[in-house]
Every structure is written in C-alpha cells, then in structure tokens.
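To start, the structure itself, in structure tokens.
The values are calculated or read from the model by the stated rules, or taken from the named source; none is laboratory data. Keep in mind the model is a prediction, meaning the values are calculated, not measured. So basically every Cβ, Gly included, is an ideal-geometry build from the backbone, and we count neighbours across all protein chains shown.
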Amino acid sequence: MKQAEHEIMSNVERLFADKKIDLFIGYEKGTLPLRTSPCFIDDRNTVRRLVWNSCCSNNLAVYLPRLMLHRKGKNSKRIGILCKGCDSRSVVELIKEKQVDRDCLYIIGISCSGIIDSSKILSELDGEGILSYDETSDSIVVELAEGERSFPKHEYLYESCCNCAYATPTVYDILIRTVQFAPKVAGPDPNITAFAHKTREERWRIFEEETSKCIRCYACRNACPNCYCKECFAEQTKPRWIGVTNDRSDLLFYHTMRIFHQAGRCVDCGACVRACPMNINLRLFTRVLVDEVKERFGYEPGVSIKEPPPLATFSLNDKQEFMTEPD
Amino acid sequence: MKESPNKTSNFEPKILAFLCNWCSYAGADLAGVSRFQYPPTVRVIRVPCSGRVNPVYIIKALQNGFDGVLVSGCHPGDCHYISGNFFARRKFALLKKFLEYVGVEPERIQFSWVSAAEGVRFAKIIEKVTDDIRKCGPLTYFKKSNNSIEKVI
C-alpha cells in the first residue's frame, strides 16, 4: 500500500514537472478515521497530500463531465485521474457517451483489492475512538485507547466489491499493480437471484419499504458518474414529471426511473449505495439490470471502448419472448 | 366512473395505449371502421413511433391511476423510421424485466406489434390485455394518493 502510494506521488510529480497535466484528481486523508476524501491537486508542491488505501471509496469519474465542460477548445494540458477498476469502467462509459475526451485525460490506473466498509468496523467498535489506523496486505489494524484490534479485510468489503471481476482498470496510461489477481468471471449476483425467487408481494413490499426511507436528497444521483444530465427528469418543471414530495408514489417513481436510466451503463461501483444517508439498499435493485443486460445482450459496461452501448444499438435477432401475442 | 376496489367482479380496467402512427394506430382505425368488437377499456395516445415512448410515460401513467399500459408499434422490419422499433424492443425488454423484478405484475405492462392491416389482431390484443389486467385487479400500490400534499394545496 505504502509503495503504491509512493508510486502514485512520483508519477503525479513527474506529470506536473513535464507539464502534461494541470490538475490531478486523487484521494487525501479524510477528517474522520477510516475515511478518505477526493482531492484536487493543481500544483506539484501539494502532491504529498495524496494517499492510497482500502478506504478510497469515492468514484472519482463523477467529477470529469463538469471539469471537461470548461476545457473545450484548449486541450493542451490534460486532467490526471486516479482510477480503480470500477472508476476506469465509468470513465469508459463517459468516453462512449461523449462526455469526456480521452485525449484530455491522463489515467493512472491502480489495481484494487476491494474497498472496506468503514461503517461495519465502526459499528463493531461500539463508539470507541480510533486513535490511528494502518493496513497490512490482508487486514486493517486499528489503534484504540486500550490497544490494537485487527480486522480481516475480506470480511469488511462493500457488497459491490465482493462480486467484482474488474479489479484491474480496463483503460489507463500507467498501471500501478498492488496485487496480482486471478482472472474472475462475474456471474449473476447471489443476492439478486435470492430476491428474484421471493413471491411478487414480498418483492414489492421490500421495494416499497426500501424506497419509503428516501428523503429525496438526490445524493445517489449526484454520486453517480453516469448521472450527468444538466436537467434531471426529477427536477424538470416543463413538464413536471414528478412531484417534489416524499409521497410514496413519487418516491417509487423517482427510484424506478433513476435505476432504469442506469440500464446498460451501471458499472456496479456502489457509489449510490455509499452516498445514501438513509442506507437504502439500492444495489438490490440496480444490480438486476446489470445481470439482465449481460444475459440478454452480452454486454458489460465499461469493458471495451469500441462496443456501442446496448440501448444505442440493436440486433435483428434480439429476443422478443415478452411481447404480447393474441390467444 | 368510479370503481370500488372491493368489487373486483365487475371491475373494468383503465388501460393506456401508446400506438405508433404508422402501423398500430392505423390497425386500431381499421378495427374501428370494420366494426370489430373489443372492450372499451383503452385510451389511446398516438405517438410517431414505438421508439418515441419514454419509459417515464409508462410509469407516469401508472402513477396517475391507469391499471395497465400497452405499447404497440410496427412489426420488426416494418418501422417507418427503419429501426425505431428495434431500439424500443431493447428498452422495453429491460423495463418489463425490472418492473417484474421489483414486484409489479408483468401483465400490467405489455408490448405488441400490430400492422396497419391487422384490425382483427388489434381487437384480439386489446381483449387479451384487458383480460390479463382484469385478473390483476385495480392498481392501487403505485397510484398517487388523493391526500398527497400537492393535491391538498
């Protein structure tokens, strides 16, 4: 981890020295223990702020579309960005949707061994204050007032990291390898299959229960790199599709449409789940479309820059078993 | 016309149909001028192409009190705009799968192909869709409640 951190710093320093980039997006130490914040570096003297560890949870690709808006026409220097596997897949989707220009980007890819859910560790500590923390290759070591405690990483990963098949970025200019991975093929998610086997009433009850927690803060939308529309359907006023209330029906409408807008684009990075202040289990509903798109169209978002997005293309032989035929 | 949710026996569903201008709308017209009988449960919105139907429209219809939605377009290969219905087919496959997954009866959202020459087929499809949705009963769980704050104000 420390070595990867040094490699990132020296690379970023060199990029600034060579005048290749004028901005770098990475992570810095957060104000809370076991957290990091995104950081924007525009000067080689502040490169030392950068960190890399298992708490670097944000999907940094979310900042790119807005930053790119101000770069049209003067692409002499690029934006540097640190990308985990899922971030790089988001970048690929943004490139395909013409929101980001590949030539304006310098991607430092880093292979990632999964991000840990710090709230799981904090809840086990029962309110005890963390003095400092460190990590080894397979565990997180937390220093408390009465000694150290160690947490094995693989038990505290985010749900989306457990079934991840793209730990190594799919697009990059330099790759920093922290660990070697055996290639893995992502199958359908077991949680999703289990949910699909429940009765219809039970599934609806859970969907309604989860969405009714929503306070319409739109954090899920803002944390998602795919949600870059200048005017979101949820805030459109002419016509106003959806009431600005927390009426049960409006919440169902908002979540159904937000999730559906991710169809064939969601890279299952888990940014929406982490952003949600009400702990809605959004992944239970977003992931089903990832699996369905893969099964139906054989497409996985963010893997290849050349393959067109599944809803922007078609095949004459697409299955149509769901169409109504008269008796 | 106010249905009581308890009396499902004489419940007649309200269905919104999005019909494409070039095929299905003409098919419905043919069914009409040929005097084919079909249930008076559908309200029709004419759209340029089945590919024009935004999934938001479908969800909005359910929220506003329709019991089901039918989208109908030209048969594959017959689209007036060459490929609109192929794009629509992909979109609808995912929408139907998603709504079914979260617990909406799959019968409430239906898609079909009806050409301008298929008046009989149009009438039969409306019969089938009406039957299916009648069996599901009134849609109560997606509807916006009358005492929601917007309506009170």
* Asked: For segment A:126-150, which residues satisfy the criterion of being farther than 18 Å from A:GLY30 by Cβ, assigned to a strand (DSSP E or B) and touching a strand residue (DSSP E or B) at 6+ places or on another chain (Cβ under 8 Å)?
  -> A:SER139, A:LEU144, A:GLU148, A:ARG149, A:SER150
* Would you say A:TYR299 is surrounded by 21 or more Cβ atoms within 10 Å (Cβ to Cβ) and either among the aromatic types (Phe, Trp, Tyr) or outside any helix (DSSP H, G or I) (or both)? -> no
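Out of B:GLY84, B:GLY68, report the one residue that is over 23 Å from A:PRO308 (Cβ atoms), more than 9 Å from every other protein chain (Cβ to nearest Cβ) and buried (at least 18 other Cβ atoms within 10 Å of the Cβ).
Working: B:GLY84 fails: over 23 Å from A:PRO308 (Cβ atoms).
It is B:GLY68.
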* From A:GLU231, A:GLU210, which residue is more than 9 Å from chain B (Cβ to nearest Cβ), more than 27 Å from A:TYR166 (Cα to Cα), within 22 Å of the chain's Cα centre (by Cα) and touching a residue at least 60 places away in the same chain (Cβ under 8 Å)? -> A:GLU210
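Yes/no per residue for (1) outside any loop (DSSP other than H, G, I, E, B); (2) under 29 Å from A:ARG240 (Cβ atoms); (3) touching a Pro at 6+ places or on another chain (Cβ under 9 Å); (4) within 8 Å of another protein chain (Cβ to nearest Cβ):
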residue: B:TYR25; (1), (2), (3), (4): yes, yes, no, no
residue: B:ARG46; (1), (2), (3), (4): yes, yes, no, no
residue: B:LYS60; (1), (2), (3), (4): yes, yes, no, yes
residue: B:ARG90; (1), (2), (3), (4): yes, yes, yes, yes
residue: B:VAL104; (1), (2), (3), (4): no, yes, no, yes
residue: B:GLU107; (1), (2), (3), (4): yes, no, no, no
residue: B:PHE111; (1), (2), (3), (4): yes, yes, no, yes
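Residue-wise test of (1) in contact with a His (Cβ under 6 Å, 6 or more places away or on another chain); (2) within 30 Å of A:ALA4 (Cα to Cα); (3) of a type outside the set (Phe, Trp, Tyr).
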{"position": "A:GLU143", "(1), (2), (3)": "no, yes, yes"}
{"position": "A:GLY147", "(1), (2), (3)": "no, yes, yes"}
{"position": "A:ALA167", "(1), (2), (3)": "no, yes, yes"}
{"position": "A:ARG203", "(1), (2), (3)": "no, no, yes"}
{"position": "A:PHE207", "(1), (2), (3)": "no, no, no"}
{"position": "A:ARG216", "(1), (2), (3)": "no, no, yes"}
* Structure fact -> Out of (1) crowded, with 16+ Cβ neighbours inside 10 Å; (2) not in a loop (DSSP other than H, G, I, E, B); (3) not hydrophobic (A, V, I, L, M, F, W, C), the one A:GLU209 does not meet is (1)
* Please determine, by comparing only the residues of segment A:58-100 that are modelled with pLDDT of 95 or more and among the hydroxyl-bearing types (Ser, Thr, Tyr), which one is nearest to A:ALA223 (Cα to Cα). => A:TYR63
* Residue check: is B:LYS97 at the interface with chain A (Cβ under 7 Å from one of its Cβ atoms) and surrounded by fewer than 22 Cβ atoms within 10 Å (Cβ to Cβ)? -> yes
* Residue identified as farther than 19 Å from B:LYS143 by Cα, within 13 Å of the chain's Cα centre (by Cα), among the β-branched types (Val, Ile, Thr) and not in a loop (DSSP other than H, G, I, E, B) among A:VAL293, A:VAL273 -> A:VAL273
